[in-house]
Amino acid sequence: MRLVVEPNVISRRVVLFAGAKDLVGAQEVTLEFKCHDATNKLTAQKILSLLGELYPSLLDLLPSCRLAVDCEYVSGETLVDLGADEIAVIPPVSGG
Amino acid sequence: MFDRRIKVEIVDVPIVRERYDDELSHQDVGAHAWFAGVTRRTTQGKITSLLHYEAHREMALKQMEEIADEALERFSLAAVVLVHRLGAVPIGEASVLVGCSSSHRPEVFTALPWIMDRLKRDVPIWKKEYDDQGAGDWIHPQNLA
């Protein structure tokens, strides 16, 4: 039996749109999150900053992006359940 | 009272406004109002050849329904129509159509800009603007505080 507590590593798909999708060159990316407790939750802001570390091409756009979890916007401080059906990066919208 | 209703659609074909006329009709309604946003040829002196729209479709529909529902309540409307087109939208054609009806005109005159402002702030739809050289740029407005 191992007594060393390893962080929980969770793979998680994140969906990208419009400019974010083009900057990364993919509609979806898979991020690996290290969670140090069993809640499997991270703030939206943390998820966005991890994306920026992995994909520096997004760094200019990310500060103006919002995160949507299961089709609802969440604020930066919101704790996001990494088991949600969908986590999406929503760049500033330009419909109409 | 009205049997209040909304009609929300995302389409991949040209928007034909007449198709939605019946949605606004009601015997106790005295005002119908429509707004259509269409592709313009020039933006700040630059020539646009085409706009191409994409969406997070499921979330966009959900957001549009929420906006239509809230507009019904807020402005005592009888009906709201909210339609957005995706894909290529050539010059002069509509990318968005908003319609509403009410007993009197002040409500519909106030509701139309409110609905459009909310759509432009929250609905996950994006346009890519192509210039006359065929180069495309995503439009991501940064000043929406």
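Any read-out appearing in this document is the output of simple, stated calculations on the displayed coordinates, not a laboratory observation. Because the structure is predicted, anything quoted here is derived from the model rather than measured. When we count neighbours, we look across all protein chains shown, and the Cβ atoms used for this are built from the backbone with ideal geometry, even at glycine.
Below are the figures for this structure:
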read-out	value
Rounded to whole Hz, the Karplus (6.51, -1.76, 1.60) HN-Hα couplings of segment A:46-59, x for glycine and proline	5, 4, 5, 6, 5, 4, x, 5, 7, 10, x, 4, 8, 4
Pairs of alpha carbons in segment B:33-96 whose separation is greater than 13 Å (percent)	69 percent
Computed P(r) (all Cα pairs; segment B:77-125; 10 Å bins; percent)	23, 47, 26, 4
Qualifying GluC sites (Glu not before Pro) for segment A:50-81 [loop in DSSP, other Cβ within 10 Å: at most 10]	A:Glu77
MRE, 222 nm, helices only [DSSP H, n ≥ 4, -39500 (n - 2.57), over the protein assembly as shown, to nearest 500]	-7500 deg cm²/dmol
For B:Gly30, residues with placed amide H under 5 Å, excluding near neighbours	B:Ser102, B:Ser103, B:His104
³J(HN,Hα) computed for each position of segment B:32-41 - Karplus, 6.51 cos²θ - 1.76 cosθ + 1.60, integer Hz, glycine/proline x	10, 9, 10, 9, 10, x, 10, 5, 9, 6
Enclosed volume per residue, in Å³, of the convex hull spanned by Cα atoms of chain B	115 Å³
Degrees, to the nearest 10: B:105-122 long Cα axis against longest axis of chain B	40 degrees
For chain B: lysine pairs under 18 Å (alpha-carbon distance), excluding those fewer than 8 apart on one chain	5
Geometric extent, Cα atoms of chain A - Rg, Dmax (angstrom)	14.2, 60
Rg/Rh (Cα only; Kirkwood hydrodynamic radius) as it applies to the protein assembly as shown	1.06
